[in-house]
Structures are given as structure tokens and as C-alpha cells.
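Take a look at the structure below.
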Amino acid sequence: MSNQTQEIPRDQWARFLDEFTREHRGSHARLEIIGGEAGAQVETENRQLDGAAADYKDGECTVWITFTSGAQPGEHLARGIHGVKAVRCLPPAGQQGAVLEVESGDGTKTVLELSHSAAYALPQGARK
């Protein structure tokens, strides 16, 4: 895989996000919203990614990104991006984890930045 941003074709969003979830579930994540009235704001950071999924309804698409909090069992945070027009991914490279960008019809971009797996992995001697 190259380290260039990939635009995911619309007909592959559901399959791509399923695979993205399998590969990155549990990664520490930061979610930033860029655009709209608020400008740029961090919605959450240092949460574990639970998953990402595409929900098609009435010819529109909503992408859901969910996180576990770690504070209380079963406590989750979910972000729905409605009217999605583009899904892009930057694969992990070097010490940088994967980045997922979801753009809605109004131009707002939701950017999910994942830590590289080595950043939160247990040291070799600590694994059992």
C-alpha cells in the first residue's frame, strides 16, 4: 500500500469501512471536525476506535464512527456524518497511524487520526 491518500469509490464504502474496522479496532484515536460554523474542533481524542460503518438509506449515506470510552463498560461515543460525498484514507506510514477522512455534502470534513499500533502496544516482554 502506498502512503498517498486514497479516495474510496462510493460502491466500496461499506466493504472498505468493514475492513478498516477489522484492521484498526482498538487503536487510539483522535476525531476532528473541520468546516461548518465551528471552524475546526476536536470532538474526542485518545479514545479507542470501536468501528466505522456506512449506512445507506433513501439514496443517501451516513458514516458512523464509534469509540469505546474505557471509563465505564459499555459506554460508547458515536459520531454520524450525514450526506457523505467522499471517503478517503491515508494508510499508516512510518510512525503515523492510518487517517480516515469523511466529507459531507456541505464540505465539512470529519478526520479520524489513529495512533500507530506500536504507540500503544505492550513491550515484547510484557505480553503473555
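The values are calculated or read from the model by the stated rules, or taken from the named source; none is laboratory data. For clarity, every value in this text was computed on a predicted model and none was experimentally measured. Cβ: placed from backbone, ideal geometry, glycine included. Neighbour counts: every protein chain shown.
Pick from 107, 26, 94, 125: which is exposed (fewer than 15 other Cβ atoms within 10 Å of the Cβ), at pLDDT below 95, small (Gly, Ala, Ser) and farther than 26 Å from residue 4 by Cβ? Spell out how you get there, then give the answer.
Numbers: 107 fails: farther than 26 Å from residue 4 by Cβ; 26 fails: farther than 26 Å from residue 4 by Cβ; 94 fails: farther than 26 Å from residue 4 by Cβ.
From the options 107, 26, 94, 125, the qualifying one is 125.
Can you find even one residue in the range 11-21 that is basic (Lys, Arg) and at pLDDT 95 or above? Break it down into steps so the answer makes sense when it comes.
We begin by selecting, within the range 11-21, every residue basic (Lys, Arg); these are 15.
From what is left, the residues that are at pLDDT 95 or above are 15.
Checking the range 11-21: at least one residue is basic (Lys, Arg) and at pLDDT 95 or above.
In the range 1-43, which residue that is assigned to a helix (DSSP H, G or I), closer than 18 Å to residue 113 by Cβ and not charged (D, E, K, R) is farthest from the chain's Cα centre (by Cα)?
Residues of the range 1-43 assigned to a helix (DSSP H, G or I): 10-24.
Adding the requirement that they be closer than 18 Å to residue 113 by Cβ leaves 16-17, 20-21, 23-24.
Still in the running and not charged (D, E, K, R): 16-17, 20-21, 24.
Numbers: 16: 12, 17: 9, 20: 8, 21: 8, 24: 9 Å.
Taking the candidates together, the pick is 16.
So, in the range 33-42, exactly how many residues are closer than 19 Å to residue 105 by Cβ and either in contact with a Leu (Cβ under 8 Å, 6 or more places away or on another chain) or modelled with pLDDT of 85 or more (or both)? Spell out the reasoning first.
Of the range 33-42, the ones closer than 19 Å to residue 105 by Cβ are 33-40.
If we keep only those that are either in contact with a Leu (Cβ under 8 Å, 6 or more places away or on another chain) or modelled with pLDDT of 85 or more (or both) as well, we get 33-35.
Residues flagged as closer than 19 Å to residue 105 by Cβ and either in contact with a Leu (Cβ under 8 Å, 6 or more places away or on another chain) or modelled with pLDDT of 85 or more (or both) within the range 33-42 amount to 3.
Per-residue answers, yes or no, for (1) within 18 Å of residue 106 (Cα to Cα); (2) in contact (Cβ under 8 Å) with a residue 40 or more places away in the chain:
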{"site": "6", "(1), (2)": "no, yes"}
{"site": "31", "(1), (2)": "no, yes"}
{"site": "49", "(1), (2)": "no, yes"}
{"site": "61", "(1), (2)": "yes, yes"}
{"site": "83", "(1), (2)": "yes, no"}
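If you check residue 79 against the conditions, is it over 19 Å from residue 92 (Cβ atoms), charged (D, E, K, R), at pLDDT below 95 and buried (at least 16 other Cβ atoms within 10 Å of the Cβ)? I'd like the intermediate steps shown before the answer.
Numbers: over 19 Å from residue 92 (Cβ atoms): yes; charged (D, E, K, R): yes; at pLDDT below 95: yes; buried (at least 16 other Cβ atoms within 10 Å of the Cβ): yes.
Yes: the conditions hold for residue 79.
List the pairs whose first member sits in the range 15-29 and is within 21 Å of residue 44 (Cα to Cα) and in contact (Cβ under 8 Å) with a residue 24 or more places away in the chain, whose second member is assigned to a helix (DSSP H, G or I) and of a type in the set (A, V, I, L, M), and whose Cβ atoms are under 8 Å apart, counting only residues at least 6 apart or on separate chains?
28/119
For residue 85, are the conditions met, namely being modelled with pLDDT of 95 or more and either hydroxyl-bearing (Ser, Thr, Tyr) or over 14 Å from the mean Cα position of the chain (by Cα) (or both)? Steps first, please.
On the way: modelled with pLDDT of 95 or more: yes; either hydroxyl-bearing (Ser, Thr, Tyr) or over 14 Å from the mean Cα position of the chain (by Cα) (or both): yes.
Judged against the criteria, residue 85 is a match.
Out of the residues in the range 44-67 meeting the condition of being small (Gly, Ala, Ser) and assigned to a strand (DSSP E or B), tell me which one is surrounded by the fewest Cβ atoms within 10 Å (Cβ to Cβ).
53
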